[in-house]
Amino acid sequence: WNPKMLKYLYADNDGTHIFDLVQTAAGLNRACYYCMEAAARGAEFIMIGTKAQARPIIKEKAEESGVHYCDLRFVGGVVSNFKIIQKSIKLMKKLREDKEQGAWNIFGPNQRLRNQCKLNRLTKKYHGIENLTRLPDICIFVDEAKERNPIAEMTRLGIPAVGLVDSNNDPTFIDLPIPGNSSGSRSIELVIGKLAEAIKKGKMIREQTQEGNREVFPKEWDPWIFSRDRIRSIRRRSKRQPWMKGMYGSYENWKKCHPFGAIPSMVPFHDFKWNDLW
């Protein structure tokens, strides 16, 4: 088990950890309201659950709520290498379209077999994210220990992570953790089902609001992305500074006043192209 999950535990029964259901209910309620408000504002979600217990649940609830999902495998770079992954998705759609239109009939049996194997391989990887046209705004996952790589990608790009965390997980980089059993299908279905219902309610609220009356949110830079304190190699206790003790009394007091580290001030957002910088 992970000592960082101690605050979410109620008791220990012969090596079996019992979660504090009051905190579990509070975390689930907070996550549902967060997802509902985000969906009402037009946010894009991605559900990730590659465990054997979570695969059918993730696929069913994601298709019901109309969000993107990864149930068999999370391909590295879906978020951090988005443009290259989009090329593979376009290739998958092109192969599927050529097959449906009969363009493979001019090939021999060996070439058709190779094309079919390539299509099956791409479909297995990207069947849940083939309609993903931009980076997701929120990530929903099951079991941080199993989905550590996608969570690292979300943290790198500043995408909030919401999910079910077990007693052996590390909640450090989870924005809205829901403490609970991530090994049982019943608990996974309960949590993911509630989050899917919240997303559907948020989308319903957005559909009922006329397009002209929808609130417009101007684009802005995220200062957390440009903060040095979000880099794992720099986030060390040896980075204490004397002025922290002089102004705040101790390094621990400075951490309480700055839970996200030193956030730099940012200029207003403006459209730019990388080619214009040189």
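How many of the residues making up region 96-138 are assigned to a loop (DSSP other than H, G, I, E, B) and touching a Lys or Arg at 6+ places or on another chain (Cβ under 8 Å)? The number of residues fulfilling the criteria is 2. Every listed requirement among (1) over 19 Å from I89 (Cβ atoms); (2) open to solvent by less than 30 Å² (accessible area, probe 1.4 Å); (3) free of Cβ contacts under 8 Å to residues at least 40 places away in the same chain is met by N169 save one, (3). Could you go through region 105-117 and let me know if any residue there is of a type outside the set (A, V, I, L, M), modelled with pLDDT under 90 and closer than 25 Å to I188 by Cα. No, there is no match, as no residue in region 105-117 is of a type outside the set (A, V, I, L, M), modelled with pLDDT under 90 and closer than 25 Å to I188 by Cα. Number of residues in region 63-109 that are of a type outside the set (S, T, N, Q) and open to solvent by less than 30 Å² (accessible area, probe 1.4 Å): the value is 16. Considering E100, E64, the condition of being more than 30 Å from W1 (Cα to Cα) and in contact (Cβ under 8 Å) with a residue 40 or more places away in the chain is satisfied by E64 alone.
Checked against the criteria, F141 does not count as surrounded by 14 or more Cβ atoms within 10 Å (Cβ to Cβ), aromatic (F, W, Y) and part of a loop (DSSP other than H, G, I, E, B).
The values are calculated or read from the model by the stated rules, or taken from the named source; none is laboratory data. Since the structure is predicted, the reported quantities are computational estimates derived from the model, not experimental observations. Heads up, the Cβs are rebuilt from the backbone with ideal geometry, glycines too, and the neighbour counts pull from every protein chain shown. Note: accessible area is taken over every heavy atom of the protein model, side chains too, but ligands, DNA and RNA are not part of it. Shrake-Rupley method; radii C 1.70, N 1.55, O 1.52, S 1.80 Å.
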